[in-house]
Structures are given as C-alpha cells and as structure tokens.
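*Asks:* Can you keep this structure in mind? I'll have questions shortly.
Computed from the coordinates by the stated procedures, all read-outs in this text should not be read as laboratory data. Bear in mind that the values here come from a model prediction, so they are computed numbers and not experimental data. Neighbour counts run over all protein chains shown; Cβ positions are idealised from the backbone, glycine included.
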Amino acid sequence: MFPFDAILFDIGGVLLTNGWDHGERAAAAARFGLDAHEMEARNGEVMPAWDRGEIDLKQYLDATVFYEPRNFSREELFAFMLAQSQPLADGALAIVEELAASNVCMIGALNNEARETNDYRFSHFGLRRYFKVAFSSCYMGLRKPEPAMYGRALDILGCAPERVLFIDDRAENVEAGSAAGMTAVRFTGAHALRSELHGFGVL
C-alpha cells in the first residue's frame, strides 16, 4: 500500500520564491523610495488579514503604502510584487510534477498567501495542473501555524492524519503539522527531499 493518501506542499520556499516576504518588501522599498521600517511596521498590522482574505489588495496597499500620496500607482507596485515570484532554485517543482504524473495519491497545497498573489502564482506557474486541492490561507480564512488550519484541511480531506505528508520550509509550520498528527517534513532542498521521500517509499 502507498504510504500516504495525500501529500501537501507549501509554495513559497518550497516550490517558488516567497511571494511577498521581508526580502521582497525590502526590494520594493528600495525600488520605490519607501521607508522600509515604516512599511514593515504597517505590514505587520494588516498582513494576517490580507493572507486570510479579510481585506483585499487595495485595502492592504492603502494601509501599507498609499496612506499618503505617491509618485507611482498601485498597479506599478503590484506588477513589481508579482515579478518577485520565480521558480525556487533547488526547489521541489520537478518533484511535484513527478508525483502528480504518477497519480499514486492526492497532491495539494497548504500555504499562506493573499488571494491576489496566490491566484497569480497558481496560474502563472501552472500549479493547478498538479494540485487536486489548495488549502491556501486566503481560501481557508486561517493561517499556518494556527492549529485550526491543519485541522480544517484534514477534515476536508477525510484522511487519517498519519496518512497525510506535509512539506514546508518553516520549522514552526512543520511542528504544527506534526502536532496535528501529520507526517511533516522540513524542506531544505530538492536532493534532501528526494532522499526523504525515497525513505518513505514515495519515490
């Protein structure tokens, strides 16, 4: 018997670069002449709500950047934000493609991402052709590492927790997956993941 009914992947830091994290925000601050410290402080106040789908892109940008007049538009800033997304060097995209093609179990996403960037990343990089399910924070109204995020995903899957393999690059998210009963692996690179999957009898 195949060891898992579902394998769930984080996106940023596992398959792709992060969509809008510290590094990307610092790059935007430098590009558009923004106060990086002020931007980070304001981001911390509203990013969780944006990730959960409680506010939209305009509301997020109004709170973090356009609270005063700027010499650039929201559209220009958002285009820059999207351009930061790239396939991750030494990422697991090829592994996801291989697993999806084998059709041995359900492949899905369990990730934190705001709707506008999430939809772009899924579409632009063709992730939906691999994923049968997407437990994204913007769809779930929850964020990792909140325990309810994992519990809701397990309820929807209808799988025993130990029959779900979860792969994430952040220690706190992996620990929360393990606490929910999932088999959770911290991603450190494609070669290491292949070795771990081989050990599980997945590859």
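*Asks:* How would 144, 132 line up from fewest to most surrounding beta-carbon atoms within 10 angstrom?
*Replies:* 132, 144
*Asks:* Determine the distance separating the Cα centre of segment 47-65 from the Cα centre of segment 154-194; give it in Å without decimals.
*Replies:* Segment 47-65 and segment 154-194 have Cα centres separated by 28 Å.
*Asks:* Assigning unit charges at the beta carbon (Lys, Arg +1; Asp, Glu -1) and nothing else, what dipole magnitude in debye, to the nearest 20, does segment 22-83 show about its Cα centre?
*Replies:* Magnitude of the dipole: close to 120 debye.
*Asks:* Computed FRET efficiency, Cβ-Cβ of residue 133 and residue 195, R0 41 Å: what is it to the nearest 0.05?
*Replies:* 0.95
*Asks:* Could you tell me, in Å, what Rg and Dmax come out for the Cα atoms of the chain?
*Replies:* Cα-based Rg and Dmax for the chain come out at 17.5, 60 Å.
*Asks:* Can you work out the base-10 log of I(q)/I(0) for segment 22-83 at q = 0.19, 0.21 1/Å, using the Debye formula on its C-alpha atoms alone?
*Replies:* Per q value, in the given order, log10 I(q)/I(0) is -0.67, -0.83.
*Asks:* Report the full-extension gain for the segment residue 71 to residue 37: residue separation times 0.36 nm, less the Cα-Cα distance, to one decimal in nm.
*Replies:* 10.3 nm
*Asks:* Oh, and also: Specify the residue with the greatest mean-square fluctuation among 26, 184, 41, computed from a Gaussian network of the chain linking alpha-carbon atoms under 10 Å apart.
*Replies:* Highest fluctuation of the listed residues: 41.
*Asks:* Separate question: Amide H neighbours of residue 113 under 5 Å, counting only residues 5+ apart in sequence or on other chains, H built in-plane at 1.01 Å?
*Replies:* 137, 138
*Asks:* Further question on the same structure: Can you find, among 137, 77, 32, the residue farthest towards the positive end of the dipole of the chain? Put +1 on the C-beta of Lys and Arg, -1 on that of Asp and Glu.
*Replies:* The Cα lying farthest towards the positive end belongs to 137.
*Asks:* Using a basic spin-label model with each label point 7 Å from the Cα along Cα→Cβ, how many nm lie between residue 21 and residue 45?
*Replies:* The modelled label-to-label distance comes out at 2.5 nm.
*Asks:* Can you tell me the dipole magnitude for the chain around its Cα centre, using point charges on the Cβ only (Lys, Arg +1; Asp, Glu -1), in Debye to the nearest 20?
*Replies:* Taking the Cα centre of the chain as origin, the dipole is about 440 debye.
*Asks:* Modelling each spin label as a point 7 Å along the Cα-to-Cβ direction, I'd like the residue 155/residue 80 distance in nm, to one decimal.
*Replies:* Reported label-point gap for residue 155 and residue 80 is 4.1 nm.
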